[in-house]
Structures are given as C-alpha cells and as structure tokens.
Amino acid sequence: MRQSQLFTKTLKESPSDEQAKNAQLLIRAGYIHKEMAGAYMLLPLGLRVVDKIKDIVREEMDKIGGQEFITTSMQKKELWQSTGRWDDSVVDVWFKSKLKSGGEIGFAWSHEEPIANMMKNHIASYKDLPKFVYQFQNKLRNELRAKSGIMRGREFIMKDMYSFADTEQQHNDFYEASKVAYMNVFKRLGIGDDTYITYAAGGAFTEFSHEFQTLCEAGEDMIYLNKEKGVAINEEVLNDDVLKKAGVTKDELAKVSTAEVGNIFNFGRSKAKEVGLFYNNKNGEKEAVWMGSYGIGITRLVGVLVEKFADSKGIIWPESVAPYSIHLIGIGDAITYADKLYKDLSDSNIDVLYDDRDIRPGQKFADSDLIGIPLRVVVSPNTLEAGGVEVKKRNEDDSHIISTDKLLAMFSK
C-alpha cells in the first residue's frame with residue numbers, strides 16, 4: 001500500500017471527546033473512526049490488525065476441533081423468554097426493536113440460546129457428540145459506560161465458541177483444551193506472560209466462570225494475583241471458599257488492575273434443558289446436552305495491545321498482528337530507488353506500507369512512530385551513500401544500515 005493512496009490520515013492532536021489512550025492513539029493513527037460513544041468504524045489499517053488477530057484465534061480454535069460458522073444478529077424474543085434472559089432485570093444490556101409486521105426482536109449480545117436451538121437439527125444421538133462451533137461476529141450491548149475506547153464498546157467483535165457434549169468428562173476435556181488454546185492465542189499476541197486464568201463470577205451466563213485477565217493499568221477489573229503460583233481471583237468472588245479451592249491465602253495475593261480478554265463458561269445440562277436440546281444417550285435415554293461457552297474479545301484485544309505497548313510517540317504493534325511488516329520511507333532524490341525496493345518487497349509477498357508522500361522527512365518519521373509498524377526502513381541519499389537502507393525497530397532506539405539483499409533475506413521463508 002502506498003501511503004499517498006491510503007484515504008486515512010494521521011492527526012497531530014488527540015480527539016477532545018476521547019478519554020482512553022487506546023482510542024486516542026488509534027484515531028490519531030488512522031486505525032478507527034469514532035461514530036459515537038462505544039461505536040467505532042474499522043478503517044483499512046484497523047481492519048488489517050483485526051483480521052490478523054482473527055487468523056491467530058481461528059488457527060487455535062481449529063486445532064482443538066472448532067468449526068467456524070456465522071449466525072444472525074437478530075434474535076427471537078420467545079426463545080430468550082424461555083430461558084428467562086429476555087427480561088431486562090436479568091440481562092440489562094439488550095438492544096431491542098419492534099418489527100413492522102408485529103412482534104419484538106433483540107440484537108445479539110450473546111448467542112447461547114439461538115445456537116443451542118439450532119443444534120436441535122444436528123444433534124439427536126450421543127453419536128453426534130461432541131460438537132464445537134465458533135464464529136466471529138459483531139455483538140451489541142447497551143452498556144451504561146463506554147469510556148474505555150475500543151476496550152469496552154456498545155458494538156464490538158467477539159469470537160464466541162460453543163461446545164456440546166455427551167458426558168461431563170467429555171465436556172471437561174474440551175474445557176481444559178480451550179484453556180490451553182486461549183493461552184496459546186495470548187502468547188502469540190505477545191501478552192501471554194501477563195495474562196492469567198482467573199476465578200470469576202458467571203454474571204448473566206452461569207454461577208461461576210474462568211476469565212482470562214491481562215495486566216493493564218487501563219483495565220476496568222481488579223483481581224487478586226499470586227504470580228509465582230499462577231493464581232488469580234476476581235475481587236467479585238474473593239471469599240474463603242475460593243481461596244481454599246485455589247490453595248492460597250489472601251495475604252499471598254496482590255491487588256492489580258486488569259483487562260478481561262476472554263472467558264469460558266460451563267453450563268452443565270441446564271441451558272440445554274431450558275432450550276429443549278435433548279439427545280438419546282448410550283442407554284437410549286433422553287438427556288439434555290452438556291454445554292459450554294467460550295469468548296474472546298477481538299476488538300477489545302486491539303485496545304489492550306495499544307494500552308500495554310504504546311509509548312510517548314505512538315503505537316507499538318507486536319509483529320504477529322501489525323498491519324504491515326515494514327514501513328518503507330522514501331526521502332528526497334532516493335524516491336526512484338525506494339519505488340524499486342517497494343516493488344521488490346511486494347513481489348516477495350512482504351507486507352509493506354510505503355510512505356511515498358511529498359512531505360517533510362520529520363513528519364514521515366513522526367507518523368511512522370505513531371502508526372507503530374514493527375520495522376521502519378528508510379531510503380535516502382545518505383543511506384544509499386552508506387551502502388544500503390536504514391532499518392530501525394519501532395521498540396528500539398538504534399538503527400543501522402544494511403543492504404537491500406539482506407533486507408529481503410530477513411523476510412524470506
């Protein structure tokens with residue numbers, strides 16, 4: 001992509017109506033556009049980051065047997081009434097609307113009920129189990145607060161997975177596999193060392209759950225943590241019983257700020273009973289399916305990565321999710337050489353954002369720091385005279401000159 005053709009532009013000043021650092025930087029760098037509080041458009045750079053996060057999550061979900069599909073965002077009132085979760089006093093984040101033909105619908109804040117209902121057409125016998133399905137989809141939640149930028153939106157992208165099992169053991173096997181898969185995701189995103197599986201309440205989902213909480217000063221959650229033992233407990237469930245189950249005392253735990261990046265829930269057979277999802281077990285008896293639910297906040301992760309890794313100059317993306325691998329900058333009379341290098345890199349299937357704009361070098365460098373691509377490559381008369389191009393990692397201060405052949409070799413597979 002030539003930066004002169006990118007329709008989004010950087011901003012010098014942070015938007016006055018944004019309090020969260022993640023949203024300020026993402027807007028300034030041209031990744032997102034704020035439509036209203038809690039609702040953001042993904043611009044080309046932002047979409048590339050989201051797609052790369054999705055690819056990582058998709059690979060890990062597929063490894064444990066997940067099958068991807070996608071559902072509708074419109075939800076039937078009657079189905080959710082059958083489980084008691086249509087009531088605003090039970091679930092207080094619904095967006096609802098009247099149909100012109102009569103009746104009322106809701107817009108998806110979650111999908112347990114409709115997916116379980118759909119599975120009635122696909123599960124009849126224990127031989128049909130287990131099944132694991134997942135999707136990436138926009139969720140809509142009428143949040144009272146929307147002040148944390150893209151980390152807490154009224155519309156956001158979630159990966160939600162649902163498991164359907166014959167026995168508790170079959171369910172538990174997948175539940176534990178999902179913990180490993182989730183931690184693999186967070187490791188690949190560069191936050192694995194700061195993310196902890198956390199005892200938590202189930203909210204509108206179930207009595208208890210496990211959350212994946214990432215250390216983050218801008219996070220909205222507080223957990224009690226023992227890093228050495230790897231024990232984390234959300235403050236909302238901190239009590240003697242949970243402490244005993246975790247094998248720690250409160251004195252061993254430190255209170256820290258975190259952001260929830262994922263969660264998993266065990267419904268047992270109760271959810272399937274409510275929806276009417278039954279099957280014939282090995283004894284020929286009718287039984288409710290054992291269900292689980294597993295979420296990862298895709299757009300929330302974008303905000304968390306910005307909050308954790310940004311510096312005073314701008315964003316610093318992990319290599320695994322950066323919109324481009326190289327930010328190529330051409331300066332002065334070296335533009336012709338830079339054009340050729342851009343073509344060579346592109347022909348080698350290397351993701352490159354090429355700053356070919358006719359502006360001052362200082363502005364190009366400032367924009368490069370703001371946008372946060374991991375490797376900056378500068379082509380100027382001075383670098384060519386020194387024997388090549390200047391390369392500098394976004395998270396390092398030092399730069400050095402290398403040949404273009406060596407640069408290409410760095411990315412050869």
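Is it the case that Pro361 is under 30 Å from Ala177 (Cα atoms) and either surrounded by fewer than 19 Cβ atoms within 10 Å (Cβ to Cβ) or outside the structural domain of Leu47 (by TED's automatic domain parsing) (or both)? Taking the combined requirement at face value, the residue does not satisfy it.
Check whether at least one residue in the range 313-322 is more than 23 Å from the chain's Cα centre (by Cα), crowded, with 19+ Cβ neighbours inside 10 Å and free of Cβ contacts under 8 Å to residues at least 60 places away in the same chain, and report yes or no. No: the range 313-322 contains no residue that is more than 23 Å from the chain's Cα centre (by Cα), crowded, with 19+ Cβ neighbours inside 10 Å and free of Cβ contacts under 8 Å to residues at least 60 places away in the same chain. For Ser348, state whether it is at pLDDT 95 or above and not acidic (Asp, Glu). When the stated conditions are applied, Ser348 does not pass them.
Checking each residue of the range 58-67 against the condition of being surrounded by 14 or more Cβ atoms within 10 Å (Cβ to Cβ), basic (Lys, Arg) and within 23 Å of the chain's Cα centre (by Cα) gives at least one match. Might you check whether a residue that is surrounded by fewer than 21 Cβ atoms within 10 Å (Cβ to Cβ) and within 30 Å of Gln19 (Cβ to Cβ) occurs anywhere in the range 276-293? Checked the range 276-293: no residue is surrounded by fewer than 21 Cβ atoms within 10 Å (Cβ to Cβ) and within 30 Å of Gln19 (Cβ to Cβ). Tell me, yes or no, whether the range 205-219 has at least one residue that is surrounded by fewer than 20 Cβ atoms within 10 Å (Cβ to Cβ), under 26 Å from Tyr162 (Cα atoms) and of a type in the set (Phe, Trp, Tyr). The answer is yes; a qualifying residue exists.
Among the strands (runs of 3 or more DSSP E) contained in the range 321-403, which hold 1 or more residues that are within 14 Å of Gln3 (Cβ to Cβ)? In the range 321-403, the matching strands (runs of 3 or more DSSP E) lie at 326-330, 352-355, 375-379.
If you go through the range 1-57 and keep only what is assigned to a helix (DSSP H, G or I), under 30 Å from Asn349 (Cβ atoms), within 21 Å of the chain's Cα centre (by Cα) and without any contact (Cβ under 8 Å) to a residue 24 or more places away in the chain, you end up with Leu47, Asp51, Asp55. Hey, any hits in the range 239-247 for a residue that's within 25 Å of Glu60 (Cβ to Cβ) and assigned by TED's automatic domain parsing to the domain that holds Lys147? Taking every residue of the range 239-247 in turn, none turns out to be within 25 Å of Glu60 (Cβ to Cβ) and assigned by TED's automatic domain parsing to the domain that holds Lys147. Being under 26 Å from Ile115 (Cα atoms), in the same structural domain as Tyr175 (by TED's automatic domain parsing) and touching an Asp or Glu at 6+ places or on another chain (Cβ under 7 Å) is true for just one of Lys54, Lys77, Lys63. Which residue is that? Testing whether each residue is under 26 Å from Ile115 (Cα atoms), in the same structural domain as Tyr175 (by TED's automatic domain parsing) and touching an Asp or Glu at 6+ places or on another chain (Cβ under 7 Å) leaves just Lys77. Residue-level analysis places Lys273 among those that are among the basic types (Lys, Arg), modelled with pLDDT of 95 or more and part of a helix (DSSP H, G or I). Restricting Gly297, Gly314 to residues that are of a type outside the set (D, E, K, R), within 22 Å of Asp51 (Cα to Cα) and either in contact with a Ser or Thr (Cβ under 7 Å, 6 or more places away or on another chain) or in the same structural domain as Tyr196 (by TED's automatic domain parsing) (or both) narrows the list to Gly297.
Tell me yes or no: at least one residue of the range 33-40 is among the charged types (D, E, K, R) and surrounded by 12 or more Cβ atoms within 10 Å (Cβ to Cβ). Yes, that holds for at least one residue. Against the criterion of being surrounded by 18 or more Cβ atoms within 10 Å (Cβ to Cβ) and either more than 20 Å from the chain's Cα centre (by Cα) or assigned by TED's automatic domain parsing to the domain that holds Trp109 (or both), Thr198 qualifies.
Considering only residues that are in a strand (DSSP E or B) and aliphatic (A, V, I, L, M), look in the range 252-266 and name the one that is farthest from Ile150 (Cα to Cα). By that ranking, first place goes to Ala254.
Of all residues in the range 160-185, those that are touching a residue at least 12 places away in the same chain (Cβ under 8 Å) and farther than 20 Å from Glu59 by Cβ have Cβ atoms under 7 Å from Cβ atoms of residues that are part of a helix (DSSP H, G or I) and of a type outside the set (Phe, Trp, Tyr), 6 or more apart or on another chain, in Phe164/Met119; Ala165/His171. Just give me the residues in the range 155-187 being surrounded by 20 or more Cβ atoms within 10 Å (Cβ to Cβ) and not in a strand (DSSP E or B), in sequence order. The answer is Asp166, His171, Phe174, Ser178, Ala181, Tyr182, Val185, Phe186. The set of residues in the range 218-251 being in a strand (DSSP E or B) and charged (D, E, K, R) consists of Asp221 alone. Per the listing Glu307, Glu319, Glu285, the residue uniquely in contact with a Pro (Cβ under 9 Å, 6 or more places away or on another chain), acidic (Asp, Glu) and modelled with pLDDT of 95 or more is Glu319.
If a residue has to be in a strand (DSSP E or B) and surrounded by fewer than 22 Cβ atoms within 10 Å (Cβ to Cβ) to count, how many in the range 294-312 make the cut?
Counting residues in the range 294-312 that are in a strand (DSSP E or B) and surrounded by fewer than 22 Cβ atoms within 10 Å (Cβ to Cβ) gives 1.
Scanning the range 99-150 for residues that are part of a loop (DSSP other than H, G, I, E, B) and under 20 Å from Ser293 (Cβ atoms) yields Ala108, Trp109, Ser110, His111, His122, Ile123, Leu129, Pro130, Arg141, Glu143.
The values are calculated or read from the model by the stated rules, or taken from the named source; none is laboratory data. Treat the numbers as computed from the prediction; the structure is a model and nothing was measured. All Cβ positions, even for glycine, are placed from backbone atoms using ideal geometry, and neighbour counts span all protein chains on display.
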